[in-house]
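Each reported figure results from applying straightforward, stated rules to the coordinates on display, with no laboratory input. It should be emphasised that the depicted structure is a prediction, and the values quoted were computed from it without experimental measurement. Here Cβ is always computed from backbone atoms with ideal geometry, including for glycine, and neighbour counts include all displayed protein chains.
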Amino acid sequence: MKKIEVFIEWCLYCVTIKASEEIASTPHHFKVIAMEIITIPCLYDNYSYLVFGAGRVDAAVVDPSEAWPVMRELERQQVPLAAVLCTHHHHDHIGGIDDLLDAYPRLRIIGFKEDGGRIPQLTEFLDDGDSFEVGAISGKMFHTPGHTSASVVFHIGNKLFVGDTLFGAGCGRLFEGTAEQMVASLARIVSCGRGTELYFGHEYTALNLRFAAEVDATNGTVRQRAMMVEEMRVGDTPSAPSSIELELETNPFLRATEPAIIAYLEKHAGLKSHDPVAVFAALRELRNHFE
Ligand code: ZN
Ligand code: FE
């Protein structure tokens with residue numbers, strides 16, 4: 001459940017030297033940024049994520065469903081919590097904030113300004129595209145409506161914390177947003193690049209892949225991933241993180257315009273139009289009733 005990654009960020013001087021092919025680098029010209037993420041299973045099938053910045057001095061938690069599993073991990077790691085990042089207002093994503101505030105009274109609660117009324121604990125109100133910093137952790141927040149009207153994702157390094165907007169092989173239900181908004185939000189997530197790692201809010205991947213195998217029956221990668229995830233889940237290993245690359249190959253909601261999926265929807269959901277939003281809406285509707 002532990003993931004350690006090291007990024008090397010070149011300073012402008014090194015990049016200039018590299019470009020002129022003179023000297024590769026000398027050690028003091030780059031800094032190593034270590035970022036670590038710990039996945040914390042919460043409630044029945046939620047995930048909260050602890051993010052540690054360089055040197056493990058700073059920690060932030062994404063979507064604390066409940067406080068105690070987060071606090072237990074912080075104690076184990078001996079790092080104090082500095083901030084909470086909120087992807088949306090649903091209780092299974094913010095339920096632990098009050099207890100965390102009792103333990104860490106100076107905690108920063110960071111979220112989208114439009115959710116200020118629904119996440120009363122917010123102390124920092126970001127706008128779409130705003131940057132944020134928690135010590136050595138720095139990233140950007142993007143508005144991705146669809147699941148709720150004020151859902152957001154947090155982009156930190158090459159990692160994207162997507163809440164309930166995108167799941168492994170699936171996407172969130174449209175509680176407040178429209179199909180059109182969700183299609184645009186998913187496209188925005190995809191635009192972060194194929195190598196981006198995706199940390200989602202629920203462990204729904206196995207069921208989502210059973211749905212994917214039904215609507216995208218000729219897709220061999222879906223079958224492979226389904227076998228892998230079944231195995232992981234037997235051992236209680238989270239299927240997060242995923243990657244945009246893997247989702248592009250196996251997530252029917254990112255593949256809604258594939259001929260095989262359109263043909264399935266024409267046959268089983270009476271789809272008439274090939275408009276991407278109509279196809280997505282038909283697929284989402286079908287998934288709502290899939291068990
Ligand atoms: Zn939700
Ligand atoms: Fe949720």
Exercise for the section: Hey, can you tell me all the residues within segment 167-187 that are of a type in the set (A, V, I, L, M, F, W, C), within 16 Å of ligand 2 (Cβ to nearest atom) and crowded, with 18+ Cβ neighbours inside 10 Å? Expected result: PHE167, CYS171, LEU174, MET182
Fill in the blank from the handout: Within segment 148-166, restricting to residues that are within 13 Å of the chain's Cα centre (by Cα) and not in a strand (DSSP E or B), the one that is nearest to ligand 2 (Cβ to nearest atom) is ASP164
Completion exercise
Scanning segment 233-262 for residues that are within 14 Å of THR221 (Cα to Cα) and either among the charged types (D, E, K, R) or assigned to a loop (DSSP other than H, G, I, E, B) (or both) gives GLU245, GLU247, GLU249, ASN251, ARG255
Completion exercise
Only one of VAL183, VAL153, VAL190 is in contact (Cβ under 8 Å) with a residue 60 or more places away in the chain and within 15 Å of ligand 1 (Cβ to nearest atom), namely VAL153
Exercise for the section: Considering every residue within segment 105-113, establish whether at least one is assigned to a loop (DSSP other than H, G, I, E, B), in contact with a Cys (Cβ under 7 Å, 6 or more places away or on another chain) and buried (at least 20 other Cβ atoms within 10 Å of the Cβ). Expected result: no
Exercise for the section: Among residues belonging to segment 179-206 that are among the small types (Gly, Ala, Ser) and part of a helix (DSSP H, G or I), point out the one that is nearest to PRO41 (Cα to Cα). Expected result: ALA206
Exercise for the section: State whether one or more residues within segment 261-283 are among the basic types (Lys, Arg) and within 14 Å of CYS171 (Cα to Cα). Expected result: no
